[in-house]
Amino acid sequence: MDCIFCKITKGEIPCDKIYEDENCFAFLDITPINPGHTLLIPKQHYENLYELPDEILIKLAPIIKKLAIAIKKGVDAEGINIGMNNERPAGQLVFHAHFHIMPRFSNDSHIHWRGKPYPKDESAQTAEKIKGFL
Ligand code: AMP
Ligand code: ZN
C-alpha cells in the first residue's frame, strides 16, 4: 500500500522519531504549528478513528498523555492541543489514522476554532439524534 506513514514506521522514509513500541510510532510533524508538534500513529494501517480497533485505541491513549507531558517539558510549552482529523472535510490529508499533539504558547498567534450558538431547541434535538446511534 502506498501510505507515507506506513513507510515512515518501516524506516523507508526518514523522520525525527520520538517514541516507538509494539503498537505505535510517534514522530515530529514535518510542518509543525509550533516546534515539537508530534504525530502519534498506530503501526498497523487504519484509515481513521472509525476503523481503529478499540484494543489499539486503548493502547494509544496513555501514550498520547505521555507524549503531551514530554512535549510540554521538552519545548517549554504553556499548553497542549490534541487533535485528530477524520475524513477530508475535517482536514485529513494523510489517510493513516494519526493524533496531533501540538504544543501551544500564549503568544503563538494561532486562532482557536470559533463556536456558534444553537438556534432555539436545536441543541436538544441534536443530542437526541446522536444518542440514537449510541
Ligand atoms: P492531517 O491533515 O491530519 O492528515 O495531517 C497530516 C499531517 O502529516 C500534516 O500536519 C503534515 O505536515 C504531516 N506530514 C505529512 N508528511 C509528513 C512526513 N513525511 N513527515 C512528518 N509529517 C508529515
Ligand atoms: Zn499507512
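The values are calculated or read from the model by the stated rules, or taken from the named source; none is laboratory data. This structure is a prediction, so every number in the text was calculated from the model and none was measured. So basically every Cβ, Gly included, is an ideal-geometry build from the backbone, and we count neighbours across all protein chains shown. Side chains are part of the model used for accessible areas, which takes the heavy atoms of the whole protein and leaves out ligands, DNA and RNA. Shrake-Rupley method; radii C 1.70, N 1.55, O 1.52, S 1.80 Å.
Students often get this wrong: which residues of region 40-54 have the backbone nitrogen under 15 Å from the point 7 angstrom along Cα-to-C-beta of ASP108?
40
Please enumerate, by chain and number, the lysines with C-alpha under 29 Å from the C-alpha of LYS120, excluding those fewer than 8 residues away in the same chain.
Result set, ordered by chain and number: LYS129, LYS131.
What part of the accessible area of the chain, given as a whole %, is carbon or sulfur when the probe is 1.4 angstrom?
For the chain, the apolar C and S fraction of the accessible surface comes to 57 percent.
List every residue whose amide H lies under 5 Å from the amide H of ARG104, counting only residues 5 or more places away in sequence or on a different chain, with H placed 1.01 Å from N in the peptide plane.
Correct list: GLU78, GLY79, ILE80, ASN81.
Which translational diffusion coefficient, to the nearest whole µm²/s, is obtained for region 1-131 from the Stokes-Einstein equation, given a Kirkwood hydrodynamic radius over C-alpha pairs, 20 °C and 1.002 mPa s?
Values: Rh = 16.3 Å.
In µm²/s, the coefficient rounds to 131.
If packing is taken as the average number of other Cβ atoms within 10 Å across a peptide's residues, how do 33-39, 58-64 rank, most packed first?
Packing order, densest peptide first, comes out as 33-39, 58-64.
With angles folded into 0 to 90 degrees, how steeply does helix 54-74 sit against the dominant principal axis of the chain? Use alpha carbons for both and round to 10.
70
For the chain, with only Lys/Arg (+1) and Asp/Glu (-1) charged at the beta-carbon, what is the dipole magnitude about the Cα centre, in debye rounded to 20? Mind showing how you got there, number by number?
Details: 16 positive and 18 negative charges, 70 e Å.
Taking the Cα centre of the chain as origin, the dipole is about 340 debye.
What 222 nm value per residue comes from the helices of the chain, counting each DSSP H run with n ≥ 4 as -39,500 (n - 2.57) and dividing by all residues, nearest 500 deg cm²/dmol?
Details: 3 runs with 37 residues, N = 134.
Result for the chain, helices only: -8500 deg cm²/dmol.
Can you tell me the length gained on complete extension of the stretch ASN81 to LYS17, counting 0.36 nm per residue apart and subtracting the Cα distance? It would help to have the intermediate numbers written out before the result.
Details: separation 64, 0.36 × 64 = 23.04 nm, distance 1.97 nm.
Difference between extended and current length: 21.1 nm.
Can you give me the long-range amide H partners of ASN86? Hydrogens built in the peptide plane at 1.01 Å from N, cutoff under 5 Å, separation of 5 or more residues or another chain.
Sorted by chain and number, the residues that satisfy this are GLN92.
Before I look further, what does the chain give for accessible area per residue, probe 1.4 Å, in whole square angstrom?
Value returned for the chain: 70 Å² of accessible area per residue.
For a quick check of your reading of the filter: which chymotrypsin sites (Phe, Trp or Tyr not before Pro) in region 1-52 sit in a DSSP loop and have no more than 13 other Cβ atoms within 10 Å?
Details: sites: PHE5, TYR19, PHE25, PHE27, TYR46, TYR50; in loops: TYR46, TYR50.
Those satisfying the criteria are TYR50.
Can you give me the angle between helix 122-131 and the longest principal axis of the chain, using Cα atoms only, in degrees from 0 to 90, rounded to the nearest 10?
Tilt relative to the chain: about 60 degrees.
Please list ARG88, ARG104, ARG114 in order of solvent-accessible area, largest first, computed with a 1.4 Å probe with all protein chains present.
On the way: ARG88 165, ARG104 50, ARG114 210 Å².
Per-residue accessible area, sorted high to low, gives ARG114, ARG88, ARG104.
Cut-off under 24 Å on the C-alpha distance; same-chain residues fewer than 8 positions from LYS17 excluded. Which lysines are left, in chain and number order?
Here the lysines satisfying the reach criterion relative to LYS17 are LYS7, LYS43, LYS59, LYS65, LYS66, LYS72, LYS73.
List, in order, the whole-Hz ³J(HN,Hα) value for each residue of region 79-89 obtained from phi through the Karplus relation with A = 6.51, B = -1.76, C = 1.60 and θ = phi - 60°; use x for Gly and Pro.
Couplings: x, 9, 9, 10, x, 8, 9, 10, 6, 4, x Hz.
Return, ordered by residue number, the residues of region 28-46 whose backbone nitrogen is under 18 Å from a label point located 7 Å along Cα→Cβ of LYS10.
41-46
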